[in-house]
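The values are calculated or read from the model by the stated rules, or taken from the named source; none is laboratory data. Worth saying up front: this structure is predicted, and the values here are computed from it rather than measured. Virtual Cβ from ideal backbone geometry, glycine too; neighbours counted across all protein chains shown. Just the protein is used for accessible areas: all its heavy atoms, side chains included, with ligands, DNA and RNA removed. Shrake-Rupley method; radii C 1.70, N 1.55, O 1.52, S 1.80 Å.
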Amino acid sequence: MTTEADPSRPGGDPASPEARRALELRAEITEHNRRYHQLDAPTVSDAEYDELVRELRAIEAAHPELVEADTPTGLVGAAPSATFAPVRHRVPMMSLDNAFSPEELAAWGERLERRLAEEPGERNGFACELKIDGVAISLRYEDGRLVQGATRGDGQTGEDVTANVATIADIPTELPPGAPRVLEVRGEVYMSRTAFEALQVTQQEENRVRLEAGRKPHPVASNPRNAAAGSLRQKDAAITARRELSMWCYQLGEVEGGPAFTSHVETLAQLRGWGFAVNPEHRLVDTAAEVAEFCARWQEHRHDLPYEIDGAVVKVDHLERREKLGSTARAPRWAIAYKFPPEERTTTLLGIEVSVGRTGRVTPFAVLEPVFVGGVTVSRATLHNEDQVRIKDVRVGDTVIVRRAGDVIPEVVGPVDPQDPDHLARPVWAFPRTCPSNRPVELVRPEGESDTRCPDPECPFQVAGAIEHFAGRGALDIEGFGSQRIRLLLDLGLLADVAGIFEIPWDRLAELRAEVGAWATAATAAAQERTGDPRARLDAVAEVDLARTRPADPAALSTDLVADLAADPALFKSTADGLRGLGDEAVAGLRAAIEGAKERPLANLLVGLNVRHLGPSGAQALALAFGDLGHIVEADVGAMATADGVGTVIAESVRAWFDDPDHRALVDRLVAAGVNTEGPEESSEPQVLLGKVIVVTGTLEGYTRDEAEAAITSRGGTSPGSVSKKTTAVVVGASPGASKVTKAESLGVPILDQAAFERLLETGELPG
Ligand code: IVH
């Protein structure tokens, strides 16, 4: 017997790497199909699934001899499960081919033209639709009555879910007179975002109760699609009825009698006439360019919809042309799904850590193997609080689903497979008992609250967070005073609280810069010698004994700091780098920014103080009502609570804050430093800029920088120091900051010259 494979055998050479990979891929895809379609519990994201299918397709295209009759690339979905009675589709329910880029979409259009080889004419229409992220369903009506609802299953045989679909409000159970004797309508059952959020709240609340009773949490629906699928495939239709499902219809199946159709969009209009929900966002367009535009527009605006879509579907409108084009075993040639980039991916959970915020709240977050999702690389994602980690039941080492939808912060949805024995064997994460800072104070979680807190007022993380907040956008907005510099000054002992910003010993900073600079030079030289690499830089100082490279007598450095720096090459590098960035020019800029911050409105100062519950609108209300910081400091709760938009919760919190002698001492230092303590006078200007965010850069004729800002704020607008997505317009004067202009351009924020600025002040309107 020979062990050699026979390449001429059907199935090709089974020992070739391609054959083995194809086999592997088929097994994997078949399993994913089963999990997705039968169990409603997929263990990979759609994007990963698509990648597997594409890989298998590529192998099969290059090696047709490897194609097997039952390859999943030629199949639709998975065979139905045994829970529901099987339903044979008289007209098969097909799937769609995918285009993952504008180029693939264009190539599909070109293929069509070649196949049809017809004169360009008026029949060349495309129906563009949204690709609803839900579950494909077929509805069968006989003599005007709903007789059957079925899932797609493997495209030939689906599952009977009649009782379940009958509970969905969008689905008519009777048709008006004139409808065909037999009518099969297909579409997508989905769950709206609000219904999904409500379901999540209910499921989480149930789990919270379970956890409190010492029971294990139930798995919660991870996204609206899985929630829709799970809700639809309930044995007890009463549960489906409680789940608020909806349906968009987009296709006909079997039809007997009734009007004859020639165009898809006309069919949709008729379906609407018979009482079906047809998505209003479909368009009939003529050209490939318009198709591309439709797809691009919805890719950008997908989050503006109250339900989820994962792409667009483009269909040849004329039904006769569809006939000509025909289908492959799996999908019609006359339609294509244009898939948006994925918003969910799977990755490995490398660790769970906690961070301490400025208010002392301790938030767990996931450290992830970096993954590209929703347009950015994500390596961290919040886990919110202790209960969330337990409810999501994510454990270090798990493969988890990461989601980033639009501008929403990335989140870990949960493990891909909560039943996986490897997952179950991993230890359940325990919240740390002490603060992760170098002051290991015991953390507290008050009874009945979901947040854990660090009660230490001197906690270095809280101090750093409070200073960042004070110097940040919504407060004193000190340009160039970000988290890295703040940390540097804290580490160097040059800053300890927010008032300290105005008391920074700049001379000492210059001394430290010189000392650490000399040390860094010596350490770098030693590292170059040690590694034999004359280009070695600060990164290489880990190679040397830092204590030994220290210049003889670093008079300006405290013994503690020397010890800290010598023991920690990463800290040494960041300190040396940070100080190098604080040369004379940078310091002058920073000092000017700090000086300028003293002029910020009283409301910004109040926000900066980091008083619990006091946000921008409450601070604005207090500033307006009392007009002076001194009056607020003295006001009682009753007086404060009468200010518009300030309730007793805020008033009590503000009162308690000012009652703390340490806080009073801090305020005294701020006042001594010369910060503005007076509130705005009631403005006599028309409030034409309410809600508008106008950034000014460069010099404007007839206005100092402060006057330009005041002109904006007195009309109800705000004028922060930097450009962001929230910026309404950027006013550019002479010698503007290049980065602001570039940023405005890249974000598509309108740029105004002096004349346009003056019109804006008068009318509140942007040009053109
Ligand atoms: S038409 C033969 N139109 O996407 C063509 N499908 O990935 C049948 N889908 O199986 C499908 N929105 O479940 C069509 N506007 C739409 C759709 C849509 C979502 C789903 C459907 C289909 C799957 C293919």
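Give me the extension gain from GLU599 to ARG330: residue separation times 0.36 nm, minus the current Cα-Cα distance, reported in nm with one decimal. Don't jump to the answer; show the numbers that get you there.
Details: separation 269, 0.36 × 269 = 96.84 nm, distance 6.80 nm.
Going from the current span to full extension adds 90.0 nm.
Note on GLN299/ALA552: beta-carbon distance plugged into 1/(1 + (r/R0)^6) with R0 of 51 Å gives a FRET efficiency of 0.20. Principal axis extents of the C-alpha atoms in the chain (largest first, rounded to whole Å): 90, 79, 62. Label separation (ASP668 vs ASP753): 5.5 nm, computed from points 7 Å beyond Cα along the C-beta direction. Indicate the gyration tensor shape class of the range 375-473 (rounded, prolate or oblate), computed on the Cα atoms with a ≥ b ≥ c the square roots of the eigenvalues: a/c under 1.5 is rounded; otherwise a/b larger than b/c is prolate and the rest oblate. Here the range 375-473 falls in the oblate category.
Grab the Cα-Cα distance for HIS218 and ALA510, subtract it from 0.36 nm times how many residues apart they are, and report the gain in nm with one decimal.
Values: separation 292, 0.36 × 292 = 105.12 nm, distance 5.90 nm.
The span from HIS218 to ALA510 would gain 99.2 nm if fully extended.
Remark: the range 666-674, residue by residue, has Karplus-estimated 3J(HN,Hα) of 5, 4, 4, 5, 4, 5, 4, 6, x Hz, where x stands for each Gly or Pro and the curve is 6.51 cos²θ - 1.76 cosθ + 1.60 at θ = phi - 60°. When a/c is below 1.5 the answer is rounded, else prolate if a/b is larger than b/c, else oblate, so apply that to the range 635-695 with a ≥ b ≥ c taken from the square roots of the Cα gyration tensor eigenvalues. Oblate, because a/c is 1.5 or more while a/b does not exceed b/c.
With the cut-off at under 11 Å, measuring from each backbone N in the range 651-695 to a point 7 Å along the Cα-to-Cβ line of HIS613 picks out 651-657.
The loop-placed trypsin sites (Lys or Arg not before Pro) in the range 707-768, going by DSSP, that have at most 10 neighbouring Cβ atoms within 10 Å of their Cβ come out as LYS725. Separation of the range 604-626 and the range 341-356, taken as the distance between their Cα centroids, equals 35 angstrom. The DSSP beta bridges internal to the chain are antiparallel in roughly 90% of cases.
Go through LYS131/LYS339; LYS131/LYS315; LYS216/LYS392; LYS339/LYS743; LYS692/LYS743 and tell me which ones have a Cα-Cα distance over 20 Å in this structure. Violating the 20 Å Cα-Cα cut-off are LYS339/LYS743. For the range 120-217, carbon and sulfur atoms together expose 48% of the accessible surface, with a 1.4 angstrom probe and every protein chain in place.
Where does the chain land at 222 nm, in deg cm²/dmol rounded to the nearest 500, when only DSSP H runs of n ≥ 4 count, each adding -39500 (n - 2.57), divided by all residues?
Numbers: 28 runs with 304 residues, N = 768.
Value at 222 nm, helices only: -12000 deg cm²/dmol.
Principal-axis analysis of the Cα atoms of the chain puts helix 193-212 at an angle of about 70° to the longest axis.
Among the protein heavy atoms of the range 437-529, carbon and sulfur supply 48% of the accessible surface, probe 1.4 Å, non-protein parts ignored. Average accessible surface for the chain: 49 Å² per residue, computed with a 1.4 Å probe over protein heavy atoms with every protein chain in place. The HN-Hα couplings worked out from phi for the range 418-434 by the Karplus form 6.51 cos²θ - 1.76 cosθ + 1.60 (θ = phi - 60°) are x, 9, 4, x, 5, 4, 5, 7, 7, x, 6, 5, 10, 5, x, 8, 10 Hz, whole numbers, x standing for Gly and Pro.
Modelled spin-label separation between GLN484 and ALA238, with each label point placed 7 Å from Cα along the Cα-to-Cβ direction: 6.2 nm. Among the trypsin sites (Lys or Arg not before Pro) in the range 87-184, those placed in a DSSP loop whose Cβ has at most 15 other Cβ atoms within 10 Å are ARG90, ARG123, ARG181. Dipole check for the chain: with +1 at the C-beta of Lys and Arg, -1 at the C-beta of Asp and Glu, and the Cα centre as origin, the magnitude is about 1340 Debye.
Heavy-atom surface analysis with a 1.4 Å probe gives the range 531-595 a carbon and sulfur content of 48 percent of its accessible area.
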